[in-house]
1. Quick one: would you say R174 is assigned to a helix (DSSP H, G or I), touching a Pro at 6+ places or on another chain (Cβ under 7 Å) and surrounded by 13 or more Cβ atoms within 10 Å (Cβ to Cβ)?
2. When the residues of the stretch 128-161 are narrowed to those that are near the ligand (Cβ under 10 Å from one of its atoms) and within 13 Å of the chain's Cα centre (by Cα), which ends up surrounded by the fewest Cβ atoms within 10 Å (Cβ to Cβ)?
3. Any residue at all in the stretch 163-175 that is near the ligand (Cβ under 9 Å from one of its atoms) and at pLDDT 95 or above?
4. Scan the stretch 224-246 for residues that are outside any helix (DSSP H, G or I) and more than 15 Å from the chain's Cα centre (by Cα) and report the count.
5. Output the number of the condition that F191 fails; it satisfies all remaining conditions of (1) within 27 Å of L71 (Cβ to Cβ); (2) out of contact with any Asp or Glu (no Cβ under 7 Å at 6 or more places or on another chain); (3) crowded, with 19+ Cβ neighbours inside 10 Å.
6. Could you check how many residues of the stretch 36-80 are within 12 Å of the ligand (Cβ to nearest atom) and surrounded by fewer than 17 Cβ atoms within 10 Å (Cβ to Cβ)?
7. Please work out if L113 is away from the ligand (no atom under 16 Å from the Cβ), in the same structural domain as G76 (by TED's automatic domain parsing) and in contact with a helix residue (DSSP H, G or I) (Cβ under 6 Å, 6 or more places away or on another chain).
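The values are calculated or read from the model by the stated rules, or taken from the named source; none is laboratory data. None of the values given here were measured: they were computed from a predicted structure. All Cβ positions, glycine included, derive from the backbone under ideal geometry; neighbour counts span all protein chains shown.
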Amino acid sequence: MGSSLFGWVSAGDFVDIKYEHLDGIAKITINRPEVRNAFRPQTLVELAKAFEDARNDPSVGAIILTGEGDLAFCSGGDQRIRGEDGYIGSDELGKAGIGRLNVLDLQVQIRRLPKPVVAMVAGYAIGGGHVLHLVCDLSIAAENAKFGQTGPRVGSFDGGYGASLLARTIGLKRAKEIWFLCRQYDAQTAFDWGLVNAVVPLENLEAETVKWCREMLDLSPLALRMLKASFNAADDGLAGVQQLAGDATLLFYMTEEAQEGRDAFKEKRKPDFDQFPRRP
Ligand SMILES: CC(C)(COP(=O)(O)OP(=O)(O)OC[C@H]1O[C@@H](n2cnc3c(N)ncnc32)[C@H](O)[C@@H]1OP(=O)(O)O)[C@@H](O)C(=O)NCCC(=O)NCCSC(=O)c1cc(O)c2ccccc2c1O
């Protein structure tokens, strides 16, 4: 995909991922092409750090998640280090031999991140890698993209977002077909089913994804934030309501009415809320 053409600038040193910036866009790349960008616990810890940085960086308005090379976005959990109770890393997360399913935390992090996250998919998005593109807000696919779940074949399943959000996205029958049959689906089918937003030639994938991000960068960040929380609220239950309500609190804090309450407390006086309308 020739990312160097775009002038991405490294924004952090990692082992399993690349983290780069370009004019308000953060790009996070799973960098394990030798295993089709399968993730291990360390990969997920690094992804969490990069997403947290992108969240906290006020210069970043949109985030791209992708995989290194043209062959895979991500092939899910690294089956070579799958133990008896999860994926066992070689870093501090795996020292005690405790298995992790820490991709679930990453899924939640992407959902709660108050900026748009775009999956840029070339090649395989399979297993836990398929769920990662699913939890992103938008997905742009190259013509060579292939989508599917393998859980029942390899002895796994993701009954959380992997099943329920898939059903919400493409309908129950199709979601069950994907999980029950473990087939692979091409990019055109994924587009026809509403699983991806666009399909473009591989050589245009990055340019198209950056274009979508730039269009969002021209829009109101607060409106996008509120929309993302609103879209997620029902599916995320009370946690979704909490996020949307938190955003409402954020907006309220920005009003003179809320600031009168704060100021009155600090100035040890009775707050004067009479100056604010009791709206019908
Ligand atoms: C992705 C493929 C369809 C690609 O096929 P292709 O023919 O292009 O390439 P190869 O098969 O030859 O692969 C090249 C090379 O990569 C290795 N590799 C590929 N994927 C993985 C992987 N996931 N883990 C480890 N290694 C992988 C492969 O062995 C080759 O290595 P060589 O040394 O032999 O050259 C195809 O590779 C494929 O189907 N891969 C497996 C996909 C899969 O089943 N993934 C796991 C699904 S389960 C999961 O991801 C999962 C993770 C979680 O953390 C969960 C947490 C909570 C709930 C559920 C979870 C969950 O389901």
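1. No; evaluated as a whole, the condition is false for this residue.
2. Out of the qualifying residues, it is Y161.
3. Going residue by residue through the stretch 163-175, those that are near the ligand (Cβ under 9 Å from one of its atoms) are none.
So far as the stretch 163-175 goes, no, none of its residues is near the ligand (Cβ under 9 Å from one of its atoms) and at pLDDT 95 or above.
4. Going residue by residue through the stretch 224-246, those that are outside any helix (DSSP H, G or I) are 234-236.
Imposing the further condition that a residue be more than 15 Å from the chain's Cα centre (by Cα) reduces the set to 234-235.
So the answer is 2.
5. If we test F191 against (1) within 27 Å of L71 (Cβ to Cβ); (2) out of contact with any Asp or Glu (no Cβ under 7 Å at 6 or more places or on another chain); (3) crowded, with 19+ Cβ neighbours inside 10 Å, just (3) comes out false.
6. The qualifying residues number 4.
7. Working: away from the ligand (no atom under 16 Å from the Cβ): yes; in the same structural domain as G76 (by TED's automatic domain parsing): yes; in contact with a helix residue (DSSP H, G or I) (Cβ under 6 Å, 6 or more places away or on another chain): yes.
Criteria met by L113.
Conditions (1) part of a helix (DSSP H, G or I); (2) in contact with a Gly (Cβ under 9 Å, 6 or more places away or on another chain); (3) under 30 Å from G148 (Cα atoms), marked per residue:
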| residue | (1), (2), (3) |
| --- | --- |
| Q188 | yes, no, yes |
| L195 | no, no, yes |
| E203 | yes, yes, yes |
| L222 | yes, no, no |
| E257 | yes, no, no |
| E260 | yes, no, no |
| D274 | yes, no, no |
